[in-house]
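These notes concern the structure reproduced below.
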Amino acid sequence: MTPAEKLYQALQNDFGFEGATGSIRFNLNDYQITVEQNNVVGNILEEWLDKWMNSKGIAHIHNEKQASPDFWLNPDEPEADWLEVKSFTGSPNFDVAAFRSFINLIIDKPWKLHSKHLLIKYKSENGIVTIEKFWMKNLWEICSTSGVWPVKVQYKNKVIVNIRPSTWYSENADYPSFECLEDFLAALEETIYKYHDTRSTIAEHWSERLCKSYKEHYGKELILPRWNDIKNKYIK
């Protein structure tokens, strides 16, 4: 069992994370309030997770910088067992990754492709936060295509800004999540070719460089299909 799987089971079975309720309080001098703003919940859940893992003796390192990963679940191996934590209300509204930095980072650090993602859906009413559901997913399991781009992205002012999430938990999603890493990367490569800002700069050798880096690190070939050969699996 991987460290991420152990963490998920501990949250689910030992703690009872799903359905748990809490509140965020702020005390200044002798006046205390219950915080009702949603925009602080994600950061506080991440900090809570760090402290809870410490209390349970679960080995990890919390990365307090604004960079990947949020946690290393194997302190002795910094190139393995990365964990990203994403929290949301309603439908997934977070960024999976910044597009330009991601397509370069996975060449330098191919192990990021195997990061696990702890996804926390919560609701907040009158200052009471309730954990509705949570998942532990691979990167490709929370990404999908879209009606415009092979990989779903945020596109603003003719610029691809971020990779955006699929609705991985819905059986009626317009576009299903990718079935495997290779399909996700095939869609990502096609997006790089389709996007004007990367077509003429990195597209031509991007997949070659990625596959070479992956083989050097993992000792096995990464074979990417052509997007046109597999897209019918993901476009209804």
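The values are calculated or read from the model by the stated rules, or taken from the named source; none is laboratory data. These numbers were taken from a predicted model, which means no experiment stands behind them. Glycine also receives a Cβ, built like all others from the backbone with ideal geometry; neighbour counts cover every protein chain displayed.
Listed here are the residues, each with its yes/no results for (1) touching a Leu at 6+ places or on another chain (Cβ under 9 Å); (2) surrounded by fewer than 16 Cβ atoms within 10 Å (Cβ to Cβ); (3) on the phi < 0 side of the Ramachandran plot; (4) not small (G, A, S).
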| position | (1), (2), (3), (4) |
| --- | --- |
| P3 | yes, no, yes, yes |
| K6 | yes, yes, yes, yes |
| L11 | yes, no, yes, yes |
| D14 | no, yes, yes, yes |
| W48 | no, yes, yes, yes |
| D81 | yes, no, no, yes |
| K86 | yes, no, yes, yes |
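Here is a yes/no grid of residues against (1) in contact with a Lys or Arg (Cβ under 8 Å, 6 or more places away or on another chain); (2) under 26 Å from Q37 (Cα atoms):
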site: P78; (1), (2): no, no
site: F88; (1), (2): yes, yes
site: S91; (1), (2): no, yes
site: L105; (1), (2): yes, no
site: D108; (1), (2): no, no
site: K112; (1), (2): no, no
site: I120; (1), (2): yes, yes
site: I128; (1), (2): no, yes
site: T145; (1), (2): yes, no
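What number goes with the only condition from (1) acidic (D, E); (2) more than 18 Å from W206 (Cβ to Cβ); (3) at pLDDT 95 or above that E125 does not pass?
(3)
Take the stretch 167-190 and flag every residue that is of a type in the set (S, T, N, Q) and outside any loop (DSSP other than H, G, I, E, B). Please lay out each step first, then the result.
Here is the first cut: in the stretch 167-190, the ones of a type in the set (S, T, N, Q) are 167, 170, 172, 177.
If the condition is that a residue be of a type in the set (S, T, N, Q) and outside any loop (DSSP other than H, G, I, E, B), then S177 is the only one that fits.
Pull up the stretch 131-159, narrow it to residues that are surrounded by fewer than 22 Cβ atoms within 10 Å (Cβ to Cβ) and hydroxyl-bearing (S, T, Y), then point me to the one that is farthest from G16 (Cα to Cα).
If we take residues in the stretch 131-159 being surrounded by fewer than 22 Cβ atoms within 10 Å (Cβ to Cβ) and hydroxyl-bearing (S, T, Y), then Y155 is farthest from G16 (Cα to Cα).
What strands (runs of 3 or more DSSP E) lie completely within the stretch 1-97 and have 2 or more residues being touching an Asp or Glu at 6+ places or on another chain (Cβ under 9 Å)? Working first, answer last.
Numbers: elements: 21-23, 25-28, 31-34, 82-88.
Counting at least 2 such residues, we get 82-88.
If I go through the stretch 196-224 residue by residue, how many of them are without any contact (Cβ under 8 Å) to a residue 60 or more places away in the chain, part of a helix (DSSP H, G or I) and small (G, A, S)?
2
Select from the stretch 98-130 the residues that are among the basic types (K, R), in a strand (DSSP E or B) and farther than 16 Å from A20 by Cα and list them in ascending order.
Our first condition is that a residue be among the basic types (K, R); within the stretch 98-130, this holds for 100, 109, 112, 116, 121, 123.
From what is left, the residues that are in a strand (DSSP E or B) are 116, 121, 123.
Passing the criteria: only K116.
I need the full set of residues from the stretch 203-236 which are of a type in the set (A, V, I, L, M, F, W, C) and farther than 21 Å from K156 by Cα, in order please.
W206, L210, C211, L222, I223, L224, W227, I230, I235
When you go through V41, V96 one by one, which is the residue that is farther than 29 Å from S207 by Cβ and buried (at least 16 other Cβ atoms within 10 Å of the Cβ)? Lay out the reasoning, then the answer.
Numbers: V96 fails: farther than 29 Å from S207 by Cβ.
When all the criteria are applied, what remains is V41.
Which residue pairs have Cβ atoms closer than 7 Å, lie 6 or more positions apart in sequence or on different chains, and pair a first residue in the stretch 77-91 that is in contact (Cβ under 8 Å) with a residue 40 or more places away in the chain and among the aromatic types (F, W, Y) with a second residue that is assigned to a strand (DSSP E or B) and surrounded by fewer than 16 Cβ atoms within 10 Å (Cβ to Cβ)?
none
Return yes when Y193 is assigned to a helix (DSSP H, G or I) and among the aromatic types (F, W, Y) and no when it is not. Spell out how you get there, then give the answer.
Details: assigned to a helix (DSSP H, G or I): yes; among the aromatic types (F, W, Y): yes.
So Y193 fits the description; yes.
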